[in-house]
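Here is the structure we will look at, set down as structure tokens.
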Amino acid sequence: MQEKLTLVLGGARSGKSKFAEKYVLHAGVKAAYIATAEILDDEMATRVEYHQNRRKNARWINFEAPYDAEKTLLKAGKVADVVLFDCLTVYISNLMYGKNAPTDFNAKYDYVYAGIDKLLKAARKINKPVVFVSNDVGAGIVPDSVMGREYRDIAGWVNQQVGMEADEVYYVIAGNAVDIKKLAFKFNDENGEKHSERP
């Protein structure tokens, strides 16, 4: 099966996870699902249960990876035809505010960027299709806290980082997915460069 990286992006309740799950099941027989959320309260428990109920199908193999997800991705690639990583923005939060995270903003960005880079390298290494789901958190109102604005900015830069590396990028709006990589404008002097803006 051909290696391919796909990013599925959208706002809250846009249908991005549902689309990604269907996409993955069309790409292979055995599908690995890598969940990044930690259940820390009742609201998160309800969200996790909702997602789990959609994956009762025996074709799913479930993994949990709130940290060091690149190691889990390598394991998943050995037992599945295709991997779904849901989601990047929760994983970013884990990296930003975990016990090993730096407190300085620029150091925090570098730490998260390095973590996502490890993830992308692992995704390429397994030589299987990998689908990343992420939230477009910058499309809403400006957060009223410093922490919220930090998170919004870093999540946006990570989406650029993954979007530049991905072979396909789908934006999901009201349950409809649009292939924005095909529609994206390219300058004549880009020469295939992959980079994301950062501070």
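The values are calculated or read from the model by the stated rules, or taken from the named source; none is laboratory data. Not measured: the values here are computed from a predicted model. Methodologically, a virtual Cβ is constructed for each residue, glycine included, from the backbone with ideal geometry; neighbour enumeration extends over all protein chains shown. With ligands, DNA and RNA removed, areas are computed over all heavy atoms of the protein, side chains included. Shrake-Rupley method; radii C 1.70, N 1.55, O 1.52, S 1.80 Å.
Observations, loosely collected:
- Inter-residue pairs, beta-carbon under 6 Å, first over 18 Å from A37 (Cα atoms) and in contact (Cβ under 8 Å) with a residue 40 or more places away in the chain and in the stretch 60-88, second open to solvent by 10 Å² or more (accessible area, probe 1.4 Å) and part of a helix (DSSP H, G or I), 6+ apart: V82/A27
- Qualifying residue in the stretch 135-142 (condition: over 21 Å from L73 (Cβ atoms), modelled with pLDDT of 95 or more and either among the aliphatic types (A, V, I, L, M) or more than 14 Å from the chain's Cα centre (by Cα) (or both)): no
- So Y33, is it modelled with pLDDT of 90 or more, aromatic (F, W, Y) and either open to solvent by 50 Å² or more (accessible area, probe 1.4 Å) or part of a helix (DSSP H, G or I) (or both): no
- Only one of the numbered conditions (1) closer than 20 Å to Y67 by Cβ; (2) outside any helix (DSSP H, G or I); (3) open to solvent by 20 Å² or more (accessible area, probe 1.4 Å); (4) in contact (Cβ under 8 Å) with a residue 60 or more places away in the chain is violated by K99, and that is (4).
- Evaluation of G148 against (1) without any contact (Cβ under 8 Å) to a residue 40 or more places away in the chain; (2) farther than 19 Å from A37 by Cβ; (3) out of contact with any Lys or Arg (no Cβ under 7 Å at 6 or more places or on another chain) (one fails), failing number: (2)
- Conditions (1) buried (at least 19 other Cβ atoms within 10 Å of the Cβ); (2) within 13 Å of the chain's Cα centre (by Cα); (3) not β-branched (V, I, T): number failed by Q160: (1)
- Tally of residues being open to solvent by 80 Å² or more (accessible area, probe 1.4 Å), outside any strand (DSSP E or B) and in contact with a strand residue (DSSP E or B) (Cβ under 9 Å, 6 or more places away or on another chain) across the stretch 52-78: 2
- Flag if I39 is within 22 Å of A139 (Cβ to Cβ), out of contact with any strand residue (DSSP E or B) (no Cβ under 8 Å at 6 or more places or on another chain) and either in a loop (DSSP other than H, G, I, E, B) or at pLDDT 95 or above (or both): no
- For the residues S145, S134, the requirement of being of a type outside the set (K, R), open to solvent by less than 60 Å² (accessible area, probe 1.4 Å) and touching a Cys at 6+ places or on another chain (Cβ under 7 Å) singles out S134.
- Only one of the numbered conditions (1) open to solvent by 50 Å² or more (accessible area, probe 1.4 Å); (2) more than 18 Å from V24 (Cα to Cα); (3) outside any helix (DSSP H, G or I) is violated by V178, and that is (2).
- Among the residues of the stretch 102-116, those identified as farther than 12 Å from Y151 by Cα and out of contact with any Pro (no Cβ under 7 Å at 6 or more places or on another chain) are P102, T103, D104, A107, D110, Y113, A114, G115, I116.
- Qualifying residue in the stretch 104-123 (condition: assigned to a loop (DSSP other than H, G, I, E, B), open to solvent by 40 Å² or more (accessible area, probe 1.4 Å) and either in contact (Cβ under 8 Å) with a residue 60 or more places away in the chain or at negative phi (or both)): yes
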